[in-house]
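A quick write-up on the structure given underneath.
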Amino acid sequence: MEILEFEDDNAIRIDNLEDNLPHLPPRVPKRGRPKGKDKTVIGVPKKRKLTSKLLPFEELPVDIRHYEMLRWFVDDGIAKSAVYENKSVHEEYVEIVPERVSNVIMDKAIAIDEIKCYLTEESWLVIQQVIKMKKLTPTWICPICAKDAATKSICCNRCLEWSHFICVRVNANFKSKLWFCNFCKVSNTNLKNTT
């Protein structure tokens with residue numbers, strides 16, 4: 001028999017205290033996500049952010065990347081036949097007017113030498129001359145407003161074109177590492193629908 005003492009000299013006797021207490025199950029650790037994590041206050045599921053399946057230009061498969069680079073200089077059909085049918089691109093098919101060639105070729109991150117294997121010697125020399133002429137007057141043109149996009153602009157990680165923040169309705173304090181223009185997003189969904 002145990003005796004508990006309190007400050008006011010009252011004593012309480014407790015017989016077999018352990019027998020009188022209720023038996024509780026052992027504590028089990030919780031597993032999985034907390035209940036209600038994906039629900040809003042009223043119980044409606046949250047809208048999930050749409051994740052883009054677009055890949056940046058640098059992460060594209062080699063054949064697609066080469067095809068895209070060839071399209072800057074030649075027509076679509078010729079680029080396809082060069083990459084997928086191993087046909088050489090001849091000089092007469094290469095665009096020689098610098099204004100008609102994409103501004104992307106001025107990007108220092110582009111390894112334009114990768115497409116040399118698809119070109120003849122003469123067509124490779126023509127492409128090098130076009131690049132030199134393009135670099136003499138380096139201007140990045142916004143594809144939406146067709147004005148110089150040298151300031152207050154953002155680069156699409158897929159097509160590598162620069163667009164003004166205002167033209168594409170993007171906040172100037174954009175924090176994401178990747179951004180894709182609407183043209184690339186639409187063309188990606190069209191590719192998904194056709195396959």
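The values are calculated or read from the model by the stated rules, or taken from the named source; none is laboratory data. Quick caveat: nothing in here was measured; it's all calculated off a predicted structure. Cβ placement follows ideal geometry from the backbone for every residue including glycine, while neighbour counts extend to all protein chains displayed. Keep in mind that these areas ignore ligands, DNA and RNA; they rest on the heavy atoms of the full protein, side chains included. Shrake-Rupley method; radii C 1.70, N 1.55, O 1.52, S 1.80 Å.
Return the FRET efficiency for the residue pair LYS116, ASN171: r is the Cβ-Cβ distance, R0 is 30 Å, and the value is rounded to the nearest 0.05. After rounding to 0.05, the efficiency reads 0.15. The Cβ shell under 15 Å around PRO56 holds other residues with a net charge of 0, Lys and Arg each +1, Asp and Glu each -1. Listed cross-link partners LYS87/LYS152; LYS30/LYS177; LYS116/LYS152; LYS87/LYS147; LYS80/LYS185; LYS30/LYS185 are compared with a 32 Å cut-off, the Cα-Cα value being larger for LYS87/LYS152; LYS30/LYS177; LYS116/LYS152; LYS87/LYS147; LYS30/LYS185.
Electrostatic tally near VAL83: other residues with Cβ closer than 14 Å to its Cβ, Lys and Arg +1, Asp and Glu -1, net -1. Calculated on C-alpha atoms, the gyration radius of region 45-195 divided by its Kirkwood radius gives an Rg/Rh of 1.00. CYS156 sits among other residues whose Cβ lies under 12 Å from its own Cβ, and their net charge, with Lys and Arg +1 and Asp and Glu -1, is 0. Full extension of the chain between LYS185 and ARG27 yields a length gain of 51.9 nm, computed as 0.36 nm times the residue separation minus the alpha carbon distance. Pop out the carbon and sulfur fraction of the accessible area of region 119-195 as a percent, whole number, probe 1.4 Å. Solvent-exposed carbon and sulfur of region 119-195 make up 58 percent of the total.
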